[in-house]
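*Asks:* After the structure tokens below, expect a handful of questions from me.
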Amino acid sequence: MPTHVLAVAGAKGGVGKTTTSINLSASLAKRGANVVVVETDLAMANAVDFLKLDFNEETDPTLHEVLAGQAAVESAIYRAPGDIDILPSGVDLETYSAADPNALGPVVDKLKQRYDVIVLDTGAGLSRETLIPLGLADSSVIISTPRVASVRDAEKTIELASRVGGDVAGIMFTMSGTGRAPAPERIAQYLTVEYLGHVPEDDAVPSSQDSGRPVVVHASQSPAGKAYTGIADKLIGILTGRQPKPTQATATAQSDGGDEKEEFTRSGSSDQGGSDGSGIIPTVSDRPPHGSRD
Ligand SMILES: Nc1ncnc2c1ncn2[C@@H]1O[C@H](COP(=O)(O)OP(=O)(O)O)[C@@H](O)[C@H]1O
Ligand SMILES: [Mg+2]
């Protein structure tokens, strides 16, 4: 069964890409997938702050050393709560400058030998560093808050993801339920991408991060925990081809007003491509189990 490479992207910083990468991964792991999160945000690493790992940030190898050709991929993979593996980025600016983003392709190829799903947590902005993981991904999940500035950046990310060849699996919203932003479903309709769901602003998220565990593990019945589980299940459905892509009819925005309606009028195309129909959750794993890596 082919590995699925999933990019978690959204040009605005602080919208929940890393939180989402970890929680979608842990949700997929609960469904039986063998998942690794690769923190491709090379400059602003923070995944290790959200997960309790057997990892010393002063001495242990990270993606920086791997991309600099100074460490083997396997040596920079750590087991994280939630039954996921993580290949974290480093926090050191010196090792950052030595890391070559072009080396990410071979790293992903290597990871394909042992994982069902490779989640690429991307950085903010639309620099080459972001473009590389988007180009490597089979599909991407776009992350945005329901706020205007974030949605604008999400729209650009969708365009870019389409341009570099990846399929946009859908958009999901984080930190919803505050302010006067339009309903997340409506924003997805304006952007004519599949709506995956929304994760409300929830104290369970930072408190889970403080405990070093994904919210779907630490507080699975919290609003955020349930939302991530539901989104992961929807994503599995889309990626395994069980659900149809949105038709033009379902993608047509309602015209029932809303304070920020004009702000979300689509300005560009978002070619979505089709599902490749490949399963991401193995029925019979043809990979070595955890702990038997070579
Ligand atoms: N649903 C949520 N409710 C409350 N806080 C959240 C939620 N999602 C993310 N956060 C917080 O937002 C901040 C930014 O999240 P992060 O995942 O690091 O974003 P990004 O990777 O896009 O920069 C973190 O401090 C995180 O705790
Ligand atoms: Mg991040």
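*Asks:* I need the full set of residues from region 150-180 which are out of contact with any strand residue (DSSP E or B) (no Cβ under 9 Å at 6 or more places or on another chain), hydrophobic (A, V, I, L, M, F, W, C) and over 19 Å from G135 (Cβ atoms), in order please.
*Replies:* Residues satisfying the conditions do not exist here.
Here is a yes/no grid of residues against (1) among the hydrophobic types (A, V, I, L, M, F, W, C); (2) more than 16 Å from ligand 1 (Cβ to nearest atom):
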residue: K156; (1), (2): no, no
residue: S162; (1), (2): no, yes
residue: M172; (1), (2): yes, no
residue: S176; (1), (2): no, no
residue: G179; (1), (2): no, no
residue: A183; (1), (2): yes, yes
residue: L191; (1), (2): yes, yes
residue: E201; (1), (2): no, no
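*Asks:* So if I check each of S21, S25, S75, which one is more than 12 Å from ligand 1 (Cβ to nearest atom), of a type outside the set (F, W, Y) and surrounded by 23 or more Cβ atoms within 10 Å (Cβ to Cβ)?
*Replies:* Testing whether each residue is more than 12 Å from ligand 1 (Cβ to nearest atom), of a type outside the set (F, W, Y) and surrounded by 23 or more Cβ atoms within 10 Å (Cβ to Cβ) leaves just S25.
*Asks:* Still on this structure: Going through P81, P61 one at a time, which residue ends up being within 22 Å of T20 (Cα to Cα) and surrounded by 17 or more Cβ atoms within 10 Å (Cβ to Cβ)?
*Replies:* Checking each option against the conditions leaves just P81.
*Asks:* In region 11-33, what count of residues is obtained for those that are away from ligand 2 (no atom under 13 Å from the Cβ) and farther than 27 Å from D100 by Cβ?
*Replies:* Number of matching residues: 9.
*Asks:* Moving to a separate point now. Keeping to region 1-18, report how many residues are among the β-branched types (V, I, T) and within 8 Å of ligand 1 (Cβ to nearest atom).
*Replies:* 2
*Asks:* If you don't mind, there's one more thing I want to ask. Within region 28-44, restricting attention to residues that are crowded, with 23+ Cβ neighbours inside 10 Å and near ligand 1 (Cβ under 10 Å from one of its atoms), which residue is nearest to S150 (Cα to Cα)?
*Replies:* It comes out as D41.
*Asks:* Give me the residue from region 116-133 that is within 15 Å of ligand 1 (Cβ to nearest atom) and either modelled with pLDDT of 95 or more or in a helix (DSSP H, G or I) (or both) and, out of that set, farthest from G32 (Cα to Cα).
*Replies:* Across region 116-133, the extreme among qualifying residues is E129.
*Asks:* Related question: Return only the number of the condition from (1) out of contact with any strand residue (DSSP E or B) (no Cβ under 6 Å at 6 or more places or on another chain); (2) polar (S, T, N, Q); (3) closer than 17 Å to H218 by Cβ that S75 does not satisfy.
*Replies:* Failing condition for S75: (3).
*Asks:* Let me ask something else. Of everything in region 128-143, what is under 12 Å from G13 (Cβ atoms) and within 12 Å of the chain's Cα centre (by Cα)? Give them in sequence order.
*Replies:* Within region 128-143, just I143 meets the criteria.
*Asks:* Which one is modelled with the lowest pLDDT among residues in region 171-191 that are buried (at least 19 other Cβ atoms within 10 Å of the Cβ) and not in a helix (DSSP H, G or I)?
*Replies:* Among those residues, the one meeting the criterion is A181.
*Asks:* Could you please give the count of residues in region 203-226 that are within 8 Å of ligand 1 (Cβ to nearest atom), among the small types (G, A, S) and buried (at least 21 other Cβ atoms within 10 Å of the Cβ)?
*Replies:* So the count comes out to 1.
*Asks:* Also, I was wondering about something else. Considering region 6-24 alone, what residues qualify as being closer than 17 Å to S89 by Cβ and either among the β-branched types (V, I, T) or within 8 Å of the chain's Cα centre (by Cα) (or both)?
*Replies:* Answer for region 6-24, where residues must be closer than 17 Å to S89 by Cβ and either among the β-branched types (V, I, T) or within 8 Å of the chain's Cα centre (by Cα) (or both): A7, V8, A9, K17, T18, T19, T20, S21, I22.
*Asks:* Could you count how many residues in region 68-89 are out of contact with any Asp or Glu (no Cβ under 7 Å at 6 or more places or on another chain) and assigned to a loop (DSSP other than H, G, I, E, B)?
*Replies:* 6
*Asks:* A further question follows. Every residue in region 148-167 that is of a type in the set (D, E, K, R) and modelled with pLDDT under 90, please.
*Replies:* Selection gives R163 alone.
The values are calculated or read from the model by the stated rules, or taken from the named source; none is laboratory data. The structure displayed is predicted, hence computed values, not measured ones. Don't worry about glycine lacking a Cβ; one is built from the backbone with ideal geometry, like all the others, and counts go over all protein chains shown.
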